[in-house]
Every structure is written in C-alpha cells, then in structure tokens.
Amino acid sequence: MKGGVGGEVAEAPAGPPPPLEWKFSQVFGERTAGEEVQEVDIISAIEFDKSGDHLATGDRGGRVVLFERTDTKEVGSRRELERVDYPVSRHPEFRYKTEFQSHEPEFDYLKSLEIEEKINKIRWCQTANGAVFLLSTNDKTIKYWKVQEKKVKKISEMNIDPSKAAGNGSVASSSLCSSPKQCLANGGCGDKAYSSLSNDLSFLPEGIPSLRLPMVTSNETSLLARCRRVYAHAHDYHINSISNNSDGETFISADDLRINLWNLEISNQSFNIVDVKPANMEDLTEVITSAEFRPTHCNTLAYSSSKGSVRLIDLRQSALCDSHSKLFEEQEAPGSRSFFTEIIASISDIKFAKDGRYILSRDYMTLKLWDINMDSGPVSTFQVHEYLRPKLCDLYENDSIFDKFECCLSGDGLRVATGSYSNLFRVFGCAAGSTEATTLEASKNPMRRQVQTPSRPSRSLSSSLTRVVRRGADNASVDANGNSFDFTTKLLHLAWHPTENSIACAAANSLYMYYA
C-alpha cells in the first residue's frame with residue numbers, strides 16, 4: 001500500500017508481511033444459547049479513541065457504553081516501558097468503565113415523525129484534565145459529552161480524642177447544643193448556662209482542648225457523564241456521519257443531502273458546506289452516504305455517494321463546496337449492468353488511512369482502496385462475499401441488500417477489515433504482493449470458519465500502483481465456511497485498534513475483541 005515514492009534508492013524490497021493469526025481476547029454481553037436479544041441492546045456503533053486506551057459502543061436503546069484498557073496500566077509508566085529492552089507481549093484487555101443514556105426517543109410534531117434513540121455514530125474528541133469527551137448522534141441530534149471521575153465526598157468521624165470521648169467534650173457538646181437560642185450570631189454564647197458549664201471545664205490559655213469538627217474525606221470516585229452541548233435542528237434528513245477535524249475545534253455532520261460544519265463550542269450555529277439537494281426533488285439521482293475529515297489536513301474532507309463515487313473537497317476553495325477537487329469512481333464494465341448494479345454500488349462507509357494518503361470504501365460486495373493521488377481507479381479491490389452475487393434477488397426481497405457494512409484500516413495501513421453475514425468478518429492484506437484474505441467468525445473460536453487462501457492476485461505490469469482484484473471463496477451455493485447462509489446475523493460494525501493488531505466487532509448485543 002505504501003509504495004516507495006521519491007528520491008532515495010530503496011534496497012531489495014521485502015516481501016509482504018505474513019498473514020496474521022487471530023486469537024480471541026474478550027467478549028462483553030455474550031448471549032447464552034437460545035437467549036432472545038432485545039432490540040434496544042443491539043450495538044449500532046463502535047469507536048476506539050486516538051490512543052486506543054478507550055473504546056465506546058452505542059446501541060439502539062440510545063445508550064453509550066465506555067470501556068477502558070487495563071493491561072497497560074499494570075505494566076508501568078511510559079518512561080519505565082522505554083527502559084525495558086523487550087516489547088511487552090500482552091494483548092489489549094479492556095474492562096467496563098461506565099455507561100450513560102445519550103439519547104431518548106423523541107417525536108417531531110411538525111412532521112409527525114418518531115425520532116429513534118438509536119446511536120448512529122460515536123466519535124472521540126480530545127481529552128483534557130483527566131476527562132474524556134465524545135460526540136454521539138442519533139438521526140437528528142448530536143450531543144457532546146464529558147465523562148469525568150468525580151471524588152465522592154463523605155463526612156467522616158469527628159476529630160475528637162477517643163480518650164476524652166466520654167468525658168467533658170461530649171458533655172460540653174450535648175449541653176451546648178441542647179438550646180440553640182443560647183448561641184449568638186458571632187458564634188459566641190451569651191447565656192448563663194454556658195458560663196456555668198465552662199467553669200466545670202479546664203480550658204487551656206490557648207483555647208479549647210478538644211474541638212469537635214467534621215472531617216470531609218474523598219476516598220471513593222464515581223464517573224459522571226455530563227452533556228456539554230446539544231447540536232440540534234440542523235438536519236432535515238437522517239444523520240449518517242459525524243467526523244472530528246484534526247484542528248480539535250470543529251466537526252462535520254452529514255445527512256442524505258447536506259454536510260454541515262460545526263464548532264464544538266457553538267451549538268446554535270452551523271455552516272452548510274455541501275448541499276446536493278436539487279431544486280426539484282424529482283431530479284434527485286444520488287445521496288450522501290458517509291463523510292470523513294482527512295486526518296492530516298484540517299481543510300480536506302471526503303464524502304461518498306449512493307452511486308459508488310467518493311468526492312474529495314477542499315474547504316479553502318469556497319464557502320459552499322458543491323464542486324469537488326477530486327472524484328474517485330470506477331467505471332462499470334460494458335455489458336455488466338443489471339437491475340442491482342446501482343444498489344450494490346452504493347458506498348456504505350469510507351475511512352481515511354492514518355497518514356491521509358489512502359481512502360477505504362465499502363460497497364455491498366467489495367472493499368476498494370483509493371490513492372488520493374490517483375483518481376483513475378482503485379489501487380486494490382477486495383471481494384468480500386462474491387458467492388452472494390447469484391442471490392441478489394433474494395437479498396433484495398428481504399431488504400438485506402440495503403444493509404450498511406462498515407470498514408476499517410489497521411494503524412500501520414497494511415490491512416483492511418469489514419463484516420459480512422453469519423457473523424463473519426474478513427481481513428485483507430493490502431501491502432504490495434500480499435494475498436492475505438482471512439475469514440473470521442465473531443465467536444470465541446474465530447478461526448474455525450477458515451477458507452483456503454485465494455491464489456495470488458493478478459497485477460498489471462505497467463505501474464507499481466496498479467489495481468489488484470483479490471477474490472475470496474467464490475462459491476455460489478454456500479458461504480465462505482461451507483455452511484448455509486444466515487442473513488439474519490450480520491456483522492455491520494467493527495473497529496481496528498489505532499496502534500495494535502486488535503479488532504473490536506459487534507454481533508447483535510455482544511462485543512467481541514480479537515488480537516493477532
């Protein structure tokens with residue numbers, strides 16, 4: 001994927017990295033056999049933060065659940081790790097941290113529409129002062145959350161000397177407190193009872209020998225989630241994407257026809273930067289399906305469409321970016337058009353590589369990797385479930401053909417991953433010469449449904465950045481594992497750890513984690 005570009009003469013090129021061997025790490029919310037899954041518990045969003053130490057999931061019930069990494073905390077500080085000569089071989093382990101209700105079901109009285117509480121996307125923001133910040137959105141409203149540890153303050157025992165607890169201190173206290181009218185505004189007491197009582201006590205010249213004061217301690221901590229901002233009433237259509245800018249101050253939100261630019265600190269104003277709504281809605285031919293800021297350039301973002309194209313826009317060109325700076329689309333082969341061509345060409349998700357050089361897009365049948373410097377076609381194409389092509393009619397009838405699968409890239413940019421049916425997900429190597437195409441199942445034994453590694457992809461000899469077509473198990477009658485296919489169990493959401501080979505994926509209400 002990262003071919004040599006430029007001046008220095010490289011040594012003999014090393015071969016592609018060997019395929020990874022994936023192992024089960026953890027599962028949260030595992031179902032028992034025969035247990036019925038509640039609709040509100042189904043996971044609808046997964047996101048690692050930039051450090052990889054926190055993981056957030058959102059569900060259809062409007063809840064956000066946070067997990068934190070535990071294995072790094074036990075090793076020691078970063079300075080201690082740098083002193084150690086050998087790498088720490090532990091795989092990432094997470095624990096439940098907290099959860100909160102992000103969105104509630106609403107009703108739009110003007111349009112007579114119910115607004116679901118389902119979390120569509122979660123994005124982490126920059127941390128500050130030990131608190132974590134994140135954005136979550138449902139179909140209409142985006143919220144900015146702050147999650148922070150708060151110390152629980154408790155009133156501890158009084159600081160009385162135990163040896164005098166039953167002596168004059170307790171007597172004085174009970175006598176003094178028996179009549180509140182004796183006390184003056186300045187804290188003194190002007191009653192004879194006090195003067196007679198004080199004669200019984202032996203006061204030192206410097207003050208009272210044993211003053212009873214409550215002591216406030218804060219040994220325990222609790223996590224508090226607080227909604228800092230609500231960004232509402234800016235989208236007429238359902239929000240499908242939110243994306244943070246690298247400047248740490250702004251973010252975008254995208255619906256079917258518009259992309260809005262927000263400042264995190266200003267919730268009552270946004271700027272419309274992309275508007276594809278035609279004057280006459282009958283002329284509408286495509287909609288926006290996903291949008292993301294380029295991680296290395298705060299002025300560049302990409303958005304995908306239902307026609308299978310990805311557009312790159314530059315915010316410096318104009319206030320309203322209706323014209324794109326680059327268009328990435330693959331021309332369909334002549335004679336290959338069918339009733340389903342446009343439906344399966346619709347891109348459900350796009351992701352930038354960490355270095356901002358490549359864009360990964362997922363349509364219904366394939367993953368495509370695009371180089372932003374080459375708009376003639378994708379660098380690589382990965383067939384996710386080619387054996388479904390003869391069944392497109394069945395998939396259309398049961399609406400599965402409209403499922404929106406997400407995709408992700410590894411932090412080093414050498415691999416890509418996406419989900420499929422039967423709770424399967426696929427990992428492909430995208431380094432030059434790699435034939436890695438692994439099929440894994442979201443279960444405690446991920447490798448049990450392995451298929452044969454496909455033959456080496458065909459490459460054109462004309463360029464080092466030629467297109468690659470890599471096929472999985474091309475079997476029309478069975479799925480990748482040789483079993484009958486299950487359209488009801490689909491793995492739509494997954495995320496790759498930003499620095500390690502670790503994947504978190506959602507199978508219904510269960511969160512599975514794997515490492516290699």
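Got a sec? Which of Asp41, Asp49 is of a type in the set (Asp, Glu), at pLDDT 90 or above and touching an Asp or Glu at 6+ places or on another chain (Cβ under 8 Å)?
On inspection, the qualifying residue turns out to be Asp41.
Of all the strands (runs of 3 or more DSSP E) wholly in segment 234-330, which have at least 1 residues that are of a type in the set (Asp, Glu)?
Correct list: 266-275, 288-293, 310-314.
Quick one: in segment 406-437, of everything that is modelled with pLDDT of 95 or more and among the polar types (S, T, N, Q), which residue is surrounded by the most Cβ atoms within 10 Å (Cβ to Cβ)?
The extreme case among them is Thr418.
May I ask you to verify whether Leu312 is in contact with a Leu (Cβ under 9 Å, 6 or more places away or on another chain), open to solvent by less than 70 Å² (accessible area, probe 1.4 Å), more than 30 Å from Phe107 (Cα to Cα) and not charged (D, E, K, R)?
On the way: in contact with a Leu (Cβ under 9 Å, 6 or more places away or on another chain): yes; open to solvent by less than 70 Å² (accessible area, probe 1.4 Å): yes; more than 30 Å from Phe107 (Cα to Cα): yes; not charged (D, E, K, R): yes.
Criteria met by Leu312.
Mind checking which pairs have a first residue in segment 386-405 that is hydroxyl-bearing (Ser, Thr, Tyr) and a second that is open to solvent by less than 30 Å² (accessible area, probe 1.4 Å) and not in a helix (DSSP H, G or I), Cβ under 9 Å, 6 or more apart or different chains?
Matching pairs, first to second residue: Tyr387/Gly472; Tyr387/Ala473; Tyr387/Asp479; Tyr387/Ala480; Ser400/Tyr421.
Out of curiosity, is Ser380 without any contact (Cβ under 8 Å) to a residue 60 or more places away in the chain and more than 25 Å from Phe24 (Cβ to Cβ)? Please lay out each step first, then the result.
Details: without any contact (Cβ under 8 Å) to a residue 60 or more places away in the chain: no; more than 25 Å from Phe24 (Cβ to Cβ): yes.
Judged against the criteria, Ser380 is not a match.
Any residue in segment 128-146 that is outside any loop (DSSP other than H, G, I, E, B), hydrophobic (A, V, I, L, M, F, W, C), under 32 Å from the mean Cα position of the chain (by Cα) and at pLDDT below 80?
Looking through segment 128-146, none of the residues is outside any loop (DSSP other than H, G, I, E, B), hydrophobic (A, V, I, L, M, F, W, C), under 32 Å from the mean Cα position of the chain (by Cα) and at pLDDT below 80.
With the condition kept exactly as written, say whether any residue in segment 384-405 is of a type in the set (A, V, I, L, M), open to solvent by 50 Å² or more (accessible area, probe 1.4 Å) and touching a strand residue (DSSP E or B) at 6+ places or on another chain (Cβ under 7 Å).
The answer is no, given that none of the residues of segment 384-405 is of a type in the set (A, V, I, L, M), open to solvent by 50 Å² or more (accessible area, probe 1.4 Å) and touching a strand residue (DSSP E or B) at 6+ places or on another chain (Cβ under 7 Å).
How many of the residues in segment 262-315 are basic (Lys, Arg) and in contact (Cβ under 8 Å) with a residue 24 or more places away in the chain?
Let us first name the residues in segment 262-315 that are basic (Lys, Arg), namely 277, 294, 307, 311.
Still in the running and in contact (Cβ under 8 Å) with a residue 24 or more places away in the chain: 294, 307.
Number satisfying all stated conditions: 2.
Just for segment 37-65: of the residues that are of a type in the set (A, V, I, L, M, F, W, C) and more than 21 Å from Gly411 (Cα to Cα), which one is least open to solvent (accessible area, probe 1.4 Å)?
First, pick out the residues of segment 37-65 that are of a type in the set (A, V, I, L, M, F, W, C): 37, 40, 42-43, 45-46, 48, 55-56, 64-65.
Still in the list and also more than 21 Å from Gly411 (Cα to Cα): 37, 40, 42-43, 64-65.
Details: Val37: 38, Val40: 63, Ile42: 35, Ile43: 19, Val64: 0, Val65: 22 Å².
Going through the qualifying residues, I end up with Val64.
Residues in segment 484-516 that are within 18 Å of Met365 (Cα to Cα) and either without any contact (Cβ under 8 Å) to a residue 24 or more places away in the chain or open to solvent by less than 10 Å² (accessible area, probe 1.4 Å) (or both): how many?
Number of matching residues: 3.
So which of Ile122, Ile115 ends up being open to solvent by less than 60 Å² (accessible area, probe 1.4 Å), at pLDDT below 95 and hydrophobic (A, V, I, L, M, F, W, C)?
None of the other options fit; the residue is Ile115.
Restricting to segment 253-279, and then to whatever is aliphatic (A, V, I, L, M) and open to solvent by less than 60 Å² (accessible area, probe 1.4 Å), can you tell me which residue is farthest from Asp322 (Cα to Cα)?
By that ranking, first place goes to Leu264.
From the list Asp355, Asp363, Asp375, exactly one residue is closer than 21 Å to Pro295 by Cα, among the acidic types (Asp, Glu) and out of contact with any Leu (no Cβ under 7 Å at 6 or more places or on another chain). Which is it?
Criteria check complete, one pass: Asp355.
Taking segment 102-112 as the search range and keeping residues that are out of contact with any Asp or Glu (no Cβ under 6 Å at 6 or more places or on another chain) and over 13 Å from Arg63 (Cβ atoms), which one is surrounded by the fewest Cβ atoms within 10 Å (Cβ to Cβ)? Step through it out loud before you land on a result.
Within segment 102-112, the subset out of contact with any Asp or Glu (no Cβ under 6 Å at 6 or more places or on another chain) is 102, 106, 108-112.
Now drop any that are not over 13 Å from Arg63 (Cβ atoms), which leaves 106, 108-112.
Details: Glu106: 16, Asp108: 11, Tyr109: 7, Leu110: 5, Lys111: 9, Ser112: 7.
Ranking the candidates gives Leu110 first.
Only residues in segment 346-361 that are crowded, with 23+ Cβ neighbours inside 10 Å count as the first member; pair them with residues that are among the aromatic types (Phe, Trp, Tyr), Cβ under 6 angstrom, at least 6 apart or cross-chain, and list the lot.
Short answer, once both residue conditions are applied: Ile359/Phe352; Ile359/Trp370.
The values are calculated or read from the model by the stated rules, or taken from the named source; none is laboratory data. Computed from a predicted structure; not experimentally measured. Cβ atoms come from the backbone with ideal geometry, glycine included; neighbour counts cover every protein chain shown. Calculation scope for accessible area: heavy atoms of the full protein, side chains included, ligands and nucleic acids excluded. Shrake-Rupley method; radii C 1.70, N 1.55, O 1.52, S 1.80 Å.
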